[in-house]
Amino acid sequence: MTAPGPGGHLLVTGGAGFIGSCFVRDVLGRRDGTRITVLDKLTYAGNRANLGEVEADAGMASRFAFVRGDIADPAAVAPLVAAADAIVNFAAESHVDRSILEPAAFLRTGVDGVHVLLEALRAETERALRGERATAPRLLQVSTDEVYGSIEAGHAREADALAPRSPYAAAKAAGELLVRAYHATYGLDVVITRGSNTYGPFHHPEKLIPLFVTNALDDLPLPLYGDGLQRRDWLYVADHAGAIAHVLAHGATGGTYNIPGSAELTNRDLVARLLALLDKPWSLVRSVADRPGHDRRYAMDGRLLAALGWTNRVGLDEGLALTVAWYRDHEPWWRAARGGDWDAYYARQYAERLATSSVAEPAS
Ligand code: NAD
Ligand code: TDX
């Protein structure tokens, strides 16, 4: 089994989202002949504008195609997998808080959708075995640190047990288990990445960093869950996308690779850094009712990925400065992302919390 090299044809599912669109921009930006087809349902989180830079560049646009569709739809998926040398599956419902409000869509995309992709991959693998295509396609399943559950001490290793604690994380773990089962049973060429908390440009404003940056720009309250001492290890989006491209090219078939971030810190300390960059006061921060089942800490061991030859390039200081500057410069993008169901979602998620909030303890 061979990983696709430069000049191959990639199917990128969920490529209009935050991390997927970064992957598409960066891979096409290498200008090495690689072609990309994006399959994306364009949910509230998918945004064609995230691929605007690609579509506006004649060189990149000539090697790019966009298909609107659902990974859980076999008729949409089968011909695209048949035409691909590799599939990178970013498609998922990605927000933990929404999974707590309404889990069904998470299972439909994260379990049924992954199953449909695997069936299409299995058909193409059988065609390769019959000599009807040169090689079987490879699937890279984009997974997450959240499948390990809360890591109170130490760092999770790839062989550790999965212990997801939110409907989102459970759907991601189920998707991974299907991928591994299809590798063991049908010999499919698959690799899995588990990325850390990611941040950067084009991040939907429902997530912590862009929510707090955009609320602060509008002098709106910043709803910090619980005591704010939960810990996350932040990974800049271009590093996450780069590590995925690296694993796609070099990862061992059947392998799983953690992609840690470059800085572990508490939410409170993170918010203090954002406020300093924005020159906004701590008094905007409100202590609100906690997320149910809130994972206290995520932390992963990165030795397998390092041994494969990957190192992150962007540290937290640089990454946060780039991110804050991007949101300052792209107000029309984030105002549009706060369209659609945003007001209803925001009221459901935060109205009662903010009505019963208190002044948050300052960061250390
Ligand atoms: P996102 O919500 O910004 O993007 C998801 C994309 O998938 C959107 O474009 C959406 O329209 C599309 N999509 C959703 N359901 C689909 C379906 N059924 N068929 C086709 N397209 C569909 O998410 P993101 O933050 O870019 O995350 C991408 C992937 O990375 C997800 O699998 C997520 O679990 C994983 N991940 C994210 C992070 C993070 O911190 N954001 C960290 C680790 C792993
Ligand atoms: O309003 C908020 N207040 C708050 O205190 C929000 C939205 C979040 N938080 C806290 C919860 C977490 O401790 O901030 C932390 C980060 O929250 P999110 O941005 O929702 O990220 P998280 O739940 O850690 O999950 C993210 O990383 C792993 C991504 O959204 C997932 O898709 C990814 O798999």
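The values are calculated or read from the model by the stated rules, or taken from the named source; none is laboratory data. Only a predicted model underlies this, so the values are computations on that prediction, with no experimental measurement involved. Note that we place each Cβ from the backbone using ideal geometry, even for glycine, and neighbour counts take in every protein chain shown. The area values use the complete protein model at the heavy-atom level, side chains included, leaving out ligands, DNA and RNA. Shrake-Rupley method; radii C 1.70, N 1.55, O 1.52, S 1.80 Å.
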Of all residues making up the stretch 159-176, the number that are open to solvent by 10 Å² or more (accessible area, probe 1.4 Å) and within 16 Å of ligand 2 (Cβ to nearest atom): 10
Residues located in the stretch 131-186, provided they are within 12 Å of ligand 1 (Cβ to nearest atom) and either part of a strand (DSSP E or B) or at pLDDT below 95 (or both): Leu140, Gln141, Val142, Ser143, Thr144
From Val54, Val12, residue being touching a helix residue (DSSP H, G or I) at 6+ places or on another chain (Cβ under 6 Å), of a type in the set (Val, Ile, Thr) and either under 25 Å from Arg108 (Cα atoms) or modelled with pLDDT under 95 (or both): Val12
Thr125 being open to solvent by less than 40 Å² (accessible area, probe 1.4 Å), more than 15 Å from ligand 1 (Cβ to nearest atom) and either assigned to a loop (DSSP other than H, G, I, E, B) or not basic (Lys, Arg) (or both): yes
Criterion violated by Val314 - all others in (1) open to solvent by less than 30 Å² (accessible area, probe 1.4 Å); (2) more than 16 Å from ligand 1 (Cβ to nearest atom); (3) farther than 30 Å from Tyr182 by Cα satisfied: (2)
Test result for Asp279, away from ligand 2 (no atom under 16 Å from the Cβ) and within 30 Å of Ala360 (Cβ to Cβ): yes
Qualifying residues in the stretch 210-244 (those that are assigned to a loop (DSSP other than H, G, I, E, B) and among the aliphatic types (A, V, I, L, M)) - the one nearest to ligand 2 (Cβ to nearest atom): Leu229
Close pairs from the stretch 129-140: first more than 18 Å from His183 (Cα to Cα), partner surrounded by 11 or more Cβ atoms within 10 Å (Cβ to Cβ), Cβ under 7 Å, at least 6 apart: Arg133/Glu124; Arg133/Arg127
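Please specify each residue of the stretch 177-197 satisfying the condition of being closer than 22 Å to Ile100 by Cβ and within 12 Å of ligand 2 (Cβ to nearest atom). Let's see the steps before the verdict.
Of the stretch 177-197, the ones closer than 22 Å to Ile100 by Cβ are 177, 194-197.
Scanning the stretch 177-197 gives Arg194, Gly195, Ser196, Asn197.
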Long-range neighbours under 6 Å by Cβ, at least six apart or interchain, first residue closer than 16 Å to Val142 by Cα and touching a residue at least 60 places away in the same chain (Cβ under 8 Å) within the stretch 176-189, second among the β-branched types (Val, Ile, Thr) and surrounded by fewer than 16 Cβ atoms within 10 Å (Cβ to Cβ): Asp189/Thr253
Test: residue in the stretch 22-32 that is within 16 Å of ligand 2 (Cβ to nearest atom), within 22 Å of Ser143 (Cα to Cα) and under 15 Å from the mean Cα position of the chain (by Cα): yes
Hits in the stretch 320-337 (condition: touching a helix residue (DSSP H, G or I) at 6+ places or on another chain (Cβ under 8 Å) and buried (at least 17 other Cβ atoms within 10 Å of the Cβ)): Leu320, Thr323, Val324, Tyr327, Trp333, Trp334
Single condition Cys22 does not satisfy, out of (1) open to solvent by less than 10 Å² (accessible area, probe 1.4 Å); (2) in contact with a strand residue (DSSP E or B) (Cβ under 8 Å, 6 or more places away or on another chain): (2)
Residue among Ile36, Ile87, Ile19 that alone is in a helix (DSSP H, G or I) and within 27 Å of Thr253 (Cα to Cα): Ile19
For Phe202: the one exception among (1) touching a residue at least 60 places away in the same chain (Cβ under 8 Å); (2) not in a loop (DSSP other than H, G, I, E, B): (2)
